[in-house]
Amino acid sequence: MNRGKARTVIQLALGLLALIAIGLSLVKLHAAGTGVAVEATTIGDTPATIFRPDGKPLGPVVVVAHGFAGSQQLMQSFALAFARNGYVAVTFDFLGHGRNPKPLGGSITEEDGATQALVNETAEIASFARRLGDGRLAVLGHSMASDIVVRFAEETPDVAATIAVSMFSPVVTATEPKNLLVVVGDWEGMLKREALRVAGLVSAPEVPQPGVTYGDFTAGTARRAAVSPNVEHASVLFSQASLREAVGWLDQAFHVERDRPVTIVARGPWIMLLIAGCVLLARQLAPLLPRVTSSPAGAGLGWRRLWMPLLLPMVVTPFLLRVLPTHFLPVLVGDYLAVHFLAYGLLTGLCLLFIRRGEPRSAWRPRLAFPKPAVLATATVAVLAFYFVALVWPIDGYVTSFMPTPARAALILAMLVGTLAYFLADEWATRGDGAARFAFAASKLAFVVSLALAVTLDFERLFFLIIIVPVIALFFLIFGAFSAWTYRATGHPVVGALANAIAFAWAIGVTFPLLAG
């Protein structure tokens, strides 16, 4: 067998493996809902979903609240775990989040502003949810919502238990809220210390330890800090340890005695397998893209000339935006992120022009390799079609809300101005004959460092970026691989740049909270 045939066989085998991984993960994710009746509903204007144990007597109700830039889909693992073990769970989209048509009103820094609006919305959901079970109530909240459910539980005497995942809340005391479990990921250092501090409110004089329950359930003073191994701020929501701790805590709070072990279905590994299968499939399909240009296009910069477009935008952008206005969209933090992309891209482009100053136009032409518009459009549409079929649909179904509402469609277009400037300049700077090895990875690391510097300079406004930086890094990893394969097949950086600009604008536009006014 010659080398070409061997390569074809390997590609077919890997493509088949990718399809098997995708099919198996979809089957397993669907099976996670076995024994659970799921009903979509609307409570007032708030989209919600009810998870009931199928064919079993209804037990207590758990209101499950998502965190910043999240949605009710993000909390499915907890809802399914509760329902499979006899509880009724209700998830919902907060104001300004997911598919909730109403924006979030009030100042995000004032307790009587956005915080109180979210507490009031939680109360509305809880009032509806009480009628779905046996009358007893518990609450669970992640990240931002941990503070919301704590405040709601302190105002609501009949909340028997509160579960705060990745909690930060300044209002927790030794007695309020009742029976508090704090679940935190092992890689959340600062929040781990906060969880132990809360447990220490009732453990004195004993030094609090993770996994130990202090206080008394009957008195409502039970406190426990549970650490889920090998997870961070997002993956803690899919950890089997997190789910077991949550169900076990409710069983103790509601005095449930079981004749069989708690049933926990792991969704996290199957979601990862689904995404991995889609990435592997993309790798095998990329060579089918049409060749846009005969010779590779791009700046082709070695390390000696690449340092300026790498370092200058990284440092200058956050300082520049510290003094320039960035409030122009009704979306929390997303407006700043859009401008950061725009300024970073423009500065990168200026650096490229400065590096090429004095070169004759004839030296530029081979690197530009002007593509045929029809071929360029075909390749770009093909990549985008794969993105939406293989990524948008599974993310929306199994991870978080990823389909835009009408109000968010305009936001995506506004975000696209910034992401286009960034990805066009960045792809051009890191591609081409003679391009420095690992230039693409270095440029993405520089962008993440730039965001970290921006947070340091304006922590009060941008601290939520800390939460989503790992997600941005993951997107850079996945879409960076896609753009590398796309460039190898098409020979032109514009295809990957256009596709990734749209993908990032889409992701920011559909996830970041909408604000009133």
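The values are calculated or read from the model by the stated rules, or taken from the named source; none is laboratory data. Note that this is a predicted model, so its numbers are computed, not measured. Note that we place each Cβ from the backbone using ideal geometry, even for glycine, and neighbour counts take in every protein chain shown. Please note that ligands, DNA and RNA were not included when accessible areas were found on the heavy atoms of the full protein model with its side chains. Shrake-Rupley method; radii C 1.70, N 1.55, O 1.52, S 1.80 Å.
As a fraction of the 1.4 Å probe accessible area of the range 396-517, surface on carbon and sulfur atoms comes out at 76 percent.
DSSP bridge analysis restricted to the chain gives an antiparallel fraction near 35%, rounded to the nearest 5. Quick check: from the Cα gyration tensor, does the range 1-105 come out rounded (a/c under 1.5), prolate or oblate? In terms of gyration-tensor shape, oblate.
Per residue, how much accessible area does the chain show when a 1.4 Å probe rolls over the protein heavy atoms, in square angstrom?
Details: 22090 Å² over 517 residues.
With all protein chains present, the chain gives 43 Å² per residue.
Under 5 Å between amide hydrogens, built in the peptide plane, is the criterion, and for Val36 it picks out Asp54 among residues at least 5 positions away or on other chains.
Provide Rg over Rh for the chain; use the alpha carbon set for both Rg and the Kirkwood Rh (inverse mean inverse pair distance). Please list the in-between numbers first.
Working: Rg = 25.0 Å, Rh = 24.7 Å.
The Rg/Rh ratio comes out at 1.01.
Looking at the range 437-490, the chymotrypsin sites (Phe, Trp or Tyr not before Pro) that sit in a DSSP loop and have at most 16 other Cβ atoms within 10 Å of their own Cβ are Phe438, Phe463. The accessible surface of the range 1-107, taken with every protein chain in place and a 1.4 Å probe, is 63 percent carbon and sulfur. For the range 209-260, just say rounded, prolate or oblate: build the C-alpha gyration tensor, square-root its eigenvalues into a ≥ b ≥ c, call rounded for a/c under 1.5, and beyond that prolate if a/b exceeds b/c, oblate if not. The shape class here is oblate. The calculated FRET efficiency for Arg193 paired with Phe459, based on their beta-carbon distance and R0 = 22 Å, is about 0.75. Membrane-span-like helices of the chain, defined as complete DSSP H segments with a Cα extent of 30 Å or more along the helix axis and a mean Kyte hydropathy of at least -1.0, are identified as 3-31, 303-323, 334-355, 406-430, 465-490.
When each of the peptides 163-174, 407-418, 254-265 is scored by the mean number of other C-beta atoms lying within 10 Å of its residues, the order from highest to lowest reads 163-174, 407-418, 254-265. Computed with every protein chain present, the accessible area of Ile10 is close to 100 Å² [probe 1.4 Å]. A protection proxy built from the mean count of other Cβ atoms within 10 Å ranks the segments 388-399, 91-102, most packed first, as 91-102, 388-399.
Heavy atoms only, probe 1.4 Å: what % of the accessible area of the range 185-301 goes to carbon and sulfur, would you let me know? Could the numbers behind the result be given before it?
Values: 3310 of 5600 Å².
Answer for the range 185-301 is 59 percent, counting heavy atoms of protein chains only.
Under the rule a/c < 1.5 gives rounded, and otherwise a/b versus b/c splits prolate from oblate, where does the range 254-341 land using the Cα gyration tensor? All intermediate terms of the calculation are to be shown ahead of the outcome.
Numbers: a/c = 3.06, a/b = 1.44, b/c = 2.13.
Oblate, since a/c reaches 1.5 and b/c is not below a/b.
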